[in-house]
Amino acid sequence: MKQLLVRSENCVGCKSCEVACAVAHSQSKTLFGAVLEAQSPRKRVFVETDGTVNFPLQCRQCSDMPCVHACMAGAMHREPATGLVQVNAEKCVGCWMCVMVCPFGAIGESPAHQALKCDRCRELDYNPACVAACPTKALQWVEVDRFAAAGRRSWVEQVKEGNSHA
């Protein structure tokens with residue numbers, strides 16, 4: 001199963017992922033159309049920075065699912081087919097228990113005052129728009145083992161470069 005993983009060292013803080021996310025979840029599905037919509041579309045990815053490091057953050061799909069366990073209305077649930085935690089807006093009562101327990105602050109508020117989180121672009125057949133929009137490939141939609149292998153190769157290259165300068 002693919003996961004949405006981050007190479008924070010590649011993030012330049014351009015927020016292209018935020019724009020792509022909002023457009024993908026808009027009524028029109030186009031940037032121009034989204035800007036003109038009566039109710040502005042909401043992003044589900046947040047690029048945070050401390051002035052030095054940039055980090056695109058969205059729902060991390062925690063295996064212990066604190067948001068699901070805290071949701072008294074049953075709106076937060078894990079979909080059996082995909083294994084992803086999703087929100088059933090029809091059940092959400094806006095109690096914000098999910099917001100309070102999310103360790104990453106990745107749950108926001110919809111215009112209807114309901115919980116809103118990354119759905120991995122369910123409407124786009126789970127091809128996250130944020131990944132496609134990222135010019136530096138800081139966001140990747142890959143198998144965990146492939147991501148880890150690439151990290152190991154990168155580390156070896158860095159060690160190799162360090163030894164060649166000695």
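Residue separation times 0.36 nm, minus the C-alpha to C-alpha distance between Arg122 and Thr52: what's the value? Please list the in-between numbers first.
Details: separation 70, 0.36 × 70 = 25.20 nm, distance 3.26 nm.
Between Arg122 and Thr52, full extension yields 21.9 nm more.
The amide H of Leu4, built 1.01 Å from its N in the peptide plane, has no neighbour under 5 Å, considering only residues 5 or more places off or on other chains.
Rounded to the nearest 20, the size of the Cβ-charge dipole of segment 53-166 about its Cα centre is 220 debye, with Lys and Arg at +1 and Asp and Glu at -1.
What FRET efficiency comes out for Cys95 versus Arg146 if R0 is 41 angstrom and r is the Cβ-Cβ distance? Round to the nearest 0.05. The partial results should precede the final answer.
Numbers: r = 38 Å, r/R0 = 0.94.
According to the calculation, E is roughly 0.60.
Nearest 0.05, what FRET efficiency do Glu79 and Ala112 give at R0 = 22 Å with Cβ-Cβ as r? According to the calculation, E is roughly 0.55. In segment 1-50, Cα pairs under 8 Å separated by at least six residues give a relative contact order of 36 percent.
Taking a straight line from the alpha carbon of Lys43, these lysines sit under 28 Å away, with near neighbours fewer than eight places off in the same chain left out: Lys2, Lys15, Lys29, Lys91, Lys117, Lys137. By the helix-only formula, in which each DSSP H run with n ≥ 4 contributes -39500 (n - 2.57) and the sum is divided by residues, the chain has a 222 nm mean residue ellipticity of -8500 deg cm²/dmol. Compared with the alpha-carbon gap, the fully stretched path from Met65 to Gln158 is longer by 29.9 nm at 0.36 nm per residue.
At a Cβ-Cβ separation cutoff of 4.7 angstrom, cysteine residues of the chain with no neighbouring cysteine are Cys11, Cys14, Cys21, Cys62, Cys71, Cys92, Cys95, Cys102, Cys121, Cys134. Each of Ala38 and Ala132 was given a label point 7 Å from its Cα along the Cα-to-Cβ line. The distance between the two points is 2.8 nm. Within segment 119-166, the trypsin sites (Lys or Arg not before Pro) that combine a DSSP coil assignment with at most 15 other C-beta atoms in a 10 angstrom radius are Lys137. Coupling constants for segment 98-103 follow from the phi torsions by the Karplus curve (6.51 cos²θ - 1.76 cosθ + 1.60, θ = phi - 60°), and in residue order they are 4, 5, 5, 9, 5, x Hz; glycine and proline get x.
Axis angle, to the nearest 10 degrees, between helix 144-164 and the longest C-alpha principal axis of the chain: 30 degrees. For segment 83-166, GluC sites (Glu not before Pro) meeting the loop criterion (DSSP other than H, G, I, E, B) and having at most 13 other Cβ atoms within 10 Å: Glu90.
Could you tally the net charge around Val131, taking each other residue with its Cβ under 12 Å from the Cβ of Val131, Lys/Arg +1 and Asp/Glu -1? It would help to have the intermediate numbers written out before the result.
Values: positive: Lys2, Arg7, Arg120, Lys137; negative: none.
Once positives and negatives cancel, what remains is +4.
Please build a GNM for the chain, connecting alpha carbons under 10 Å apart, and tell me which residue among Ala115, Ala132, Ala38 fluctuates the most. Evaluated over the chain, the most mobile residue of the options is Ala38.
Under the definition of Cα pairs under 8 Å and six or more residues apart, what whole-number percent is the relative contact order of segment 9-166?
Numbers: 220 pairs, mean separation 35.0, N = 158.
Relative contact order of segment 9-166: 22 percent.
Values quoted throughout were computed directly from the atomic coordinates according to the rules given, and no laboratory measurement underlies them. Computed from a predicted model, the values in this text were never measured in an experiment. Neighbour counts are summed over all protein chains in view; Cβ atoms, including those assigned to glycine, are modelled from backbone coordinates with ideal geometry.
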